[in-house]
Amino acid sequence: MAPRHRAKADSLRQQSLALEKAIRRIVRANDVQSRAVAKQCGLTSAQLVVCRGILELGEVTTTALSAYADLSAATVVTILDNLELRGIIERYRSLADRRIVHTRLTDTGRAIVAGAPRPLGEAALTRLKALDAGARRSLVESAAHLANLLERDAPPAGASSAAQPPAGNGERSA
């Protein structure tokens, strides 16, 4: 292998190792924060995101919650089954179309969500707020791009345009 190609390969290898390490740190930090959230309010981060989706969207369908939380419909149904058993949400059929099932928070669910911490964590939010708007936007775009690169069914690199950050106020997280 020519020296120039070897240097390029070594650089890619070093970058991929650094990226893997950063991803492991992110996953570990997310796990620690998720356990702290569960300890504080009794909900996993995914359950809390789904409950916040119900709170923000109102009486909502599983499909809408799936899009809001960026989780598969099957995962959302499993989460809703658990929340319903615990009396945090209730599901009911639409009067207009009996095939449609809506979900709403119970009084217990609203109280839990009102007292729950942000899934990202207050310390991380404080550090995020300290960044200027351009740095925050760049961070969100980079994280979305990384998520797209890591998804199994993502198109090959270069096949689509840069990742788009989630719509809304930027507080959506899982």
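The values are calculated or read from the model by the stated rules, or taken from the named source; none is laboratory data. Since the structure is predicted, the reported quantities are computational estimates derived from the model, not experimental observations. Cβ: placed from backbone, ideal geometry, glycine included. Neighbour counts: every protein chain shown.
When Arg52, Arg99, Arg110 are screened for being out of contact with any Gly (no Cβ under 9 Å at 6 or more places or on another chain), loosely packed, with under 12 Cβ neighbours inside 10 Å and not assigned by TED's automatic domain parsing to the domain that holds Glu151, only Arg99 passes. Only one of the listed residues (Ala124, Ala143, Ala135) is modelled with pLDDT of 95 or more and either over 16 Å from Ile54 (Cβ atoms) or surrounded by 15 or more Cβ atoms within 10 Å (Cβ to Cβ) (or both). That residue is Ala135.
The criterion of at least 1 residues that are more than 17 Å from Val113 (Cα to Cα) and of a type outside the set (Asp, Glu) is met by the following helices (runs of 4 or more DSSP H) wholly inside the stretch 37-100: 62-69, 73-85. In the stretch 69-93, the residues that are in the same structural domain as Val50 (by TED's automatic domain parsing) form Cβ pairs under 8 Å with partners that are outside any helix (DSSP H, G or I) and of a type in the set (Asp, Glu), at six or more places apart or across chains, as follows: Glu84/Glu90.
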